[in-house]
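The values are calculated or read from the model by the stated rules, or taken from the named source; none is laboratory data. Keep in mind the model is a prediction, meaning the values are calculated, not measured. Don't worry about glycine lacking a Cβ; one is built from the backbone with ideal geometry, like all the others, and counts go over all protein chains shown. Remember, those area values only see protein heavy atoms, side chains included, never the ligands or the DNA or RNA. Shrake-Rupley method; radii C 1.70, N 1.55, O 1.52, S 1.80 Å.
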Amino acid sequence: MGKVLIVDDDPQLRQSFEKLLTEEGHTVQTAANGESGLAMVRESPPDLVVMDVRLPGIDGLEAARAMRKVDPKLPIIIMTAYGTTETAIEATKEGAFDYVLKPFNIPDILALVKDALEAGRLMHSRVELDIVPDKPSTDAIIGRSKPMQEIYKAIGRVASTDATVLIRGDSGTGKELVARAIYQHSKRAQRPFLVINCVAIPETLLESELFGYERGAFTGAVSRRLGKIQQANGGTIFLDEIGDMPLSIQAKILRLLQEKSIERLGGREPIPVDVRIIAATNRDLEAAIAEGSFREDLYYRLKVVTLWLPPLRERSEDIDLLTEYFLKRLTSEVKMDNPGITPEAKTLLRGYTWPGNVRELANTLQKALIFSRGTPLAAEDLTQVMAEGSEIKSVDEESVTGALRQLFRQKLAKSHGEGLFDSMMDDTASILISEALNLTGGNRSRAAKLLGLSRPTLQAKIEKYQLKIETSVTS
Ligand SMILES: Nc1ncnc2c1ncn2[C@@H]1O[C@H](COP(=O)(O)OP(=O)(O)OP(=O)(O)O)[C@@H](O)[C@H]1O
Ligand SMILES: [Mg+2]
């Protein structure tokens, strides 16, 4: 959810785009030309600008430049037609977030808007170090333990340099948070920070995502495209889960580190780039080298500055502070009163081994809050949640999508047009709602909140789908 400014001289496009984004829950402002768009950026800064390249008066490139003078980290998506892609590419080189070719399809543009808003948030919202913030909404690295103090010092030491940093530690120990803190304390803090998750993107896409391609590099490469590395020029790129990066791409990253240049797919000339690399992994890289899935030469390049984040059980003196922080933060997010926690419950949390580290602690508290009745969280409340496994079992979304496709295909093949669409939507909605009710112990107000529905709407759906509610808590 964010505040989006649309700048385009075509009233129809403005209108339909505004409608689309508003339906997605964004707040939308529109402007018909670059000058008034710029004035809006000055008066009431948006989280994202989506702007046409060809405008009456100053063009999109010039407007983007001026907007970035007001806020150098403002993400801007440039809309372009075939004839003007070069200008759009120019804008991206100068720091605009990305560009799209018109006409674009709706899922693509919505995904891009979401990514751009997230990138903007990561750049703008500061990660505070070593404090308990009075505003629970701020991101912060919490902890006063010896190992955490060492981490703060290390962040301070490496931030101001251009050194490549490797952040290691088990899942949920705070690697991403530390990467952002390094960026924000660096001299590149006013330049882009782009995150690439190496496991989330399939190998072929990862390569073009990072390095870009020339027109005609492969079927479907209708125009030149900059990669994330070039887009982050002058800034920082965060390669998350680098231990899972395919070998072919590892070779290219090594080259980037050695020669400070990249080659686009289908390109002949190396392109000089100036990016700082921060990488993170929870993998045992030494074992990966031994089994041949990670390049040793890249490992040596990366590990010069290594930050090890200790597992939470090795800094159990931080658990109280973290608990206090998460309770404040989680309750303020859903505008509920902070019930607090009993001393026995705190002792329990301090003594647990936390295989999922800080993330697991946060999840446990979140789940306990869902069941809470307004009285301080007690040891029993927590043991119940912890016994069930506080991590909600994660599913591979891609394989679920694959299975759904199969199911839909099967249904479509057999369909005689008897309301298939509505019946599939109803099935999905009824599963989603019954899970929300399970999770909240049948508390309709909380389930409605989780679902983003009003309580009457939820009630109507419960009746429509004839859902049975096992009430463990009165609602
Ligand atoms: N010291 C800390 N203080 C406050 N919040 C923290 C701290 N460490 C981690 N968190 C929070 O815990 C969650 C997990 O942290 P993060 O995503 O940085 O972990 P990670 O090491 O990148 O894990 P993974 O290897 O699974 O990606 C996040 O919500 C983060 O904000
Ligand atoms: Mg991570």
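Can you find even one residue in region 365-375 that is surrounded by fewer than 19 Cβ atoms within 10 Å (Cβ to Cβ) and of a type in the set (Lys, Arg)?
Looking for residues that are surrounded by fewer than 19 Cβ atoms within 10 Å (Cβ to Cβ) and of a type in the set (Lys, Arg), one finds at least one in region 365-375, hence yes.
Filter region 64-92 for residues that are out of contact with any helix residue (DSSP H, G or I) (no Cβ under 7 Å at 6 or more places or on another chain) and basic (Lys, Arg); which is most open to solvent (accessible area, probe 1.4 Å)?
Across region 64-92, the extreme among qualifying residues is Lys69.
One line per residue, one yes/no per condition, for (1) modelled with pLDDT under 85; (2) farther than 23 Å from Leu239 by Cα:
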site: Glu86; (1), (2): yes, yes
site: Phe97; (1), (2): no, no
site: Ile106; (1), (2): no, yes
site: Asp115; (1), (2): no, no
site: Ile131; (1), (2): yes, yes
site: Asp134; (1), (2): yes, yes
site: Thr138; (1), (2): yes, yes
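Mind listing whichever residues of region 344-361 are out of contact with any strand residue (DSSP E or B) (no Cβ under 6 Å at 6 or more places or on another chain), open to solvent by less than 80 Å² (accessible area, probe 1.4 Å) and not aromatic (Phe, Trp, Tyr)?
Residues satisfying the conditions are Lys346, Thr347, Leu348, Leu349, Gly351, Thr353, Gly356, Asn357, Val358, Glu360, Leu361.
Could you please let me know if Val7 is modelled with pLDDT of 95 or more, surrounded by 13 or more Cβ atoms within 10 Å (Cβ to Cβ) and touching a Gly at 6+ places or on another chain (Cβ under 8 Å)? Spell out the reasoning first.
On the way: modelled with pLDDT of 95 or more: yes; surrounded by 13 or more Cβ atoms within 10 Å (Cβ to Cβ): yes; touching a Gly at 6+ places or on another chain (Cβ under 8 Å): yes.
Considered against the rule, which asks whether it is modelled with pLDDT of 95 or more, surrounded by 13 or more Cβ atoms within 10 Å (Cβ to Cβ) and touching a Gly at 6+ places or on another chain (Cβ under 8 Å), Val7 comes out as yes.
Looking at the structure I just gave you, is Gly174 of a type outside the set (D, E, K, R), under 20 Å from Phe326 (Cβ atoms) and crowded, with 21+ Cβ neighbours inside 10 Å?
On the way: of a type outside the set (D, E, K, R): yes; under 20 Å from Phe326 (Cβ atoms): yes; crowded, with 21+ Cβ neighbours inside 10 Å: yes.
Yes: the conditions hold for Gly174.
Would you pick out the residues in region 178-195 that are within 17 Å of the chain's Cα centre (by Cα) and either surrounded by fewer than 18 Cβ atoms within 10 Å (Cβ to Cβ) or more than 16 Å from ligand 2 (Cβ to nearest atom) (or both)?
Within region 178-195, the subset within 17 Å of the chain's Cα centre (by Cα) is 178-181, 183-184, 192-195.
Of everything in region 178-195, those that are within 17 Å of the chain's Cα centre (by Cα) and either surrounded by fewer than 18 Cβ atoms within 10 Å (Cβ to Cβ) or more than 16 Å from ligand 2 (Cβ to nearest atom) (or both) turn out to be Gln184, Pro192.
Could you check, for region 208-216, whether at least one of its residues is of a type in the set (Phe, Trp, Tyr) and away from ligand 1 (no atom under 14 Å from the Cβ)?
yes
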